[in-house]
Amino acid sequence: MTIKLFADSASDLPLSFYEENDAVLIPLRVEIDSNEYDDLKTINPKQLYSEVKNGKMPKTSQASPQVLQTLFKELAEKKETGIYIAFSSQLSGTYQTAVMVHDQVKEDFPDLDLTIIDSKCASLGYGLVVLEAAKLIQNGAPKDVILNDIQFRCQHMEHLFTVEDLEFLARGGRVSKASAFIGGLLNIKPLLHVEDGKLIPLEKIRGRKKLFKRMVELMLERGQDLENQTIAISHGDDEESALHLKELILEATPVKEVVINMIGAAVGSHSGPGTIALFFYNQTKK
């Protein structure tokens, strides 16, 4: 039995991942100057950050219900099994829309075999979960084993991140305007994390140097079995800082691997240029 894996562009995995793993990309949408783009398909991260640095203010919207319906109907018609790991329902309406479309398609195709999971994760934290699911599918693992693994990873994924300008998160309603104002003062940098799929301010730290050091300290405190983990770093068009954080991690502890990727257009529209995010597990399977 082949299992078709679906993920949306907020996982911040490169387009090559979908091609190499025969996975289905569900793009979130980005609007700039009344022009609408499909994240990763018709706009890439570099283009987004270039527009933002030129003063443009992008908007985003969830995945198209029509696209979801077409993909789910195709799965049903082929009588294939599918797993859709979705972006956190606390940060996008895509998960809720996917569930609604699933129920509609199931009325016409009662045998539709598609499980939709709310990852409660974002960016490469979400991406790491998708990567591991793809490996299990390639290795021929049964669906229930894959679903249990996905749920475990989603529950134990840690997100630590900082943004260069809190105004981006405030504009999209992800943090309060007051937090954004305070963050802009006196070189105070926010450190945030994710709880139950929501963005939560954690600490305020003066200066990026101290901030990166604190991110590594928290990883050492919260992470488990780090030497056997793939650690992920995503960045808002700031590879230099991402590489610096990688150096600090490798100086502090051995890890299996560190992967770095740019934050995509959909997530980047809300986090802005200069964002640095770190992802790891606080518990690993025995």
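Could you check the range 105-141 and list, in sequence order, the residues that are of a type in the set (S, T, N, Q) and closer than 16 Å to I85 by Cα?
Those that are of a type in the set (S, T, N, Q) and closer than 16 Å to I85 by Cα: T115, S119, S123.
So, in the range 243-252, of the ones that are under 22 Å from the mean Cα position of the chain (by Cα) and surrounded by fewer than 20 Cβ atoms within 10 Å (Cβ to Cβ), which residue ends up nearest to K285 (Cα to Cα)?
Ranking the candidates gives K246 first.
How do the helices (runs of 4 or more DSSP H) wholly within the range 1-81 filter down when requiring 1 or more residues that are over 25 Å from D103 (Cα atoms), open to solvent by 30 Å² or more (accessible area, probe 1.4 Å) and touching a strand residue (DSSP E or B) at 6+ places or on another chain (Cβ under 9 Å): which remain?
By residue number, 15-20, 45-53.
Sort out for me the helices (runs of 4 or more DSSP H) sitting completely within the range 92-203 that have 3 or more residues that are modelled with pLDDT of 95 or more and open to solvent by less than 50 Å² (accessible area, probe 1.4 Å).
94-108, 123-138, 143-155
Do any residues in the range 260-286 that are farther than 28 Å from Y37 by Cβ have Cβ atoms under 7 Å from those of residues that are part of a loop (DSSP other than H, G, I, E, B) and among the polar types (S, T, N, Q), where the two are at least six apart or on different chains, and which pairs are they?
Between residues of the range 260-286 that are farther than 28 Å from Y37 by Cβ and residues that are part of a loop (DSSP other than H, G, I, E, B) and among the polar types (S, T, N, Q), the close pairs are F280/Q229; Y281/Q224; Y281/Q229; N282/Q224; Q283/Q224; T284/Q224; T284/Q229.
Does H193 satisfy being in contact with a His (Cβ under 8 Å, 6 or more places away or on another chain) and under 26 Å from Q151 (Cα atoms)?
yes
The values are calculated or read from the model by the stated rules, or taken from the named source; none is laboratory data. In this text, all values refer to a predicted model and were calculated from it rather than measured experimentally. No Cβ is skipped: glycine too gets one built from the backbone with ideal geometry, and neighbour counts run over all protein chains shown. Ligands, DNA and RNA are stripped out before the accessible areas are found, and what is left, the full protein with its side chains, is counted by its heavy atoms. Shrake-Rupley method; radii C 1.70, N 1.55, O 1.52, S 1.80 Å.
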